[in-house]
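Report on one structure; see the data block that follows.
The values are calculated or read from the model by the stated rules, or taken from the named source; none is laboratory data. Please read these numbers as outputs of a predicted model, since none were measured by experiment. Cβ placement follows ideal geometry from the backbone for every residue including glycine, while neighbour counts extend to all protein chains displayed.
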């Protein structure tokens, strides 16, 4: 599973992305966020408030209940501020 | 369909002219050009860096354009958004539409901007004399996008 981090999610986690293999019990976006929080203080800080973290699965906005697979590209980032 | 994401500056006149180039059925074009302001939230902004999600950005902008075309009779649409480090006064983006009638052109241009603000994966980081900070999303942007539902 390819993870990409943007804006302050990237700064707090300390890298732009990584490839991970979460356990099989991690089946949806909510599960992934919970699992990531346990990977270190940077992750816990970045994902402390899920209300300000947006998630994309294969470059489309996803909801907490959406399923995820090892072949997915998943983006984690703050609410967007372009324009 | 024209969606461009680039670091380079652009010429608004060239972009606007492209909306009706080679056709005689266009009744009008409506355009919006976003610029970097030197003040935000009471603080002086000396520079701004725009980050984006390559791939998803283009996909989202194309979907926003398709949505606009499904709602209004548009003859041409151009969305150009820059990324990288910009200075106050610099152009950030261009959004323009061509239609037979002004009502559709004005409305579609406003719609594109409102949806882009909440759906295109760009993030702004401002440089101020007090340090750098990520720009926070505004609730009024969500309200502006919601009025088109």
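Residue-by-condition table, conditions (1) within 14 Å of chain A (Cβ to nearest Cβ); (2) assigned to a helix (DSSP H, G or I):
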residue	(1), (2)
B:17	no, yes
B:26	no, no
B:32	yes, no
B:48	yes, no
B:51	yes, no
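So residue B:60 passes all but one of these: (1) part of a helix (DSSP H, G or I); (2) more than 9 Å from chain A (Cβ to nearest Cβ). Which condition number does it fail?
The one condition residue B:60 does not meet is (2).
Is it the case, given these coordinates, that residue A:37 is at pLDDT 95 or above, within 14 Å of chain B (Cβ to nearest Cβ) and surrounded by fewer than 17 Cβ atoms within 10 Å (Cβ to Cβ)?
It is false that residue A:37 is at pLDDT 95 or above, within 14 Å of chain B (Cβ to nearest Cβ) and surrounded by fewer than 17 Cβ atoms within 10 Å (Cβ to Cβ).
Out of the residues in region B:17-67 that are under 24 Å from residue A:10 (Cβ atoms) and modelled with pLDDT under 95, state the one that is surrounded by the fewest Cβ atoms within 10 Å (Cβ to Cβ).
Only one residue tops the list, namely B:41.
Scan region A:1-12 residue by residue and report those that are in contact (Cβ under 8 Å) with a residue 60 or more places away in the chain and touching a helix residue (DSSP H, G or I) at 6+ places or on another chain (Cβ under 6 Å).
Hits for region A:1-12 are A:5, A:9.
Counting only residues that are more than 14 Å from every other protein chain (Cβ to nearest Cβ) and under 12 Å from the mean Cα position of the chain (by Cα), which one in region A:51-83 is surrounded by the most Cβ atoms within 10 Å (Cβ to Cβ)?
Per the criteria, the residue is A:68.
Filter region B:67-90 down to the residues that are closer than 30 Å to residue A:74 by Cβ and either touching a residue at least 60 places away in the same chain (Cβ under 8 Å) or not in a helix (DSSP H, G or I) (or both) and list them by number.
B:77, B:79, B:80, B:81, B:82, B:83, B:84, B:85, B:86
What number of residues within region B:91-149 satisfy the criterion of being within 14 Å of another protein chain (Cβ to nearest Cβ), assigned to a strand (DSSP E or B) and more than 26 Å from residue B:75 (Cβ to Cβ)?
Adding up the residues that qualify gives 9.
Does region B:108-115 contain at least one residue that is closer than 23 Å to residue A:9 by Cβ and surrounded by 15 or more Cβ atoms within 10 Å (Cβ to Cβ)?
Checked region B:108-115: at least one residue is closer than 23 Å to residue A:9 by Cβ and surrounded by 15 or more Cβ atoms within 10 Å (Cβ to Cβ).
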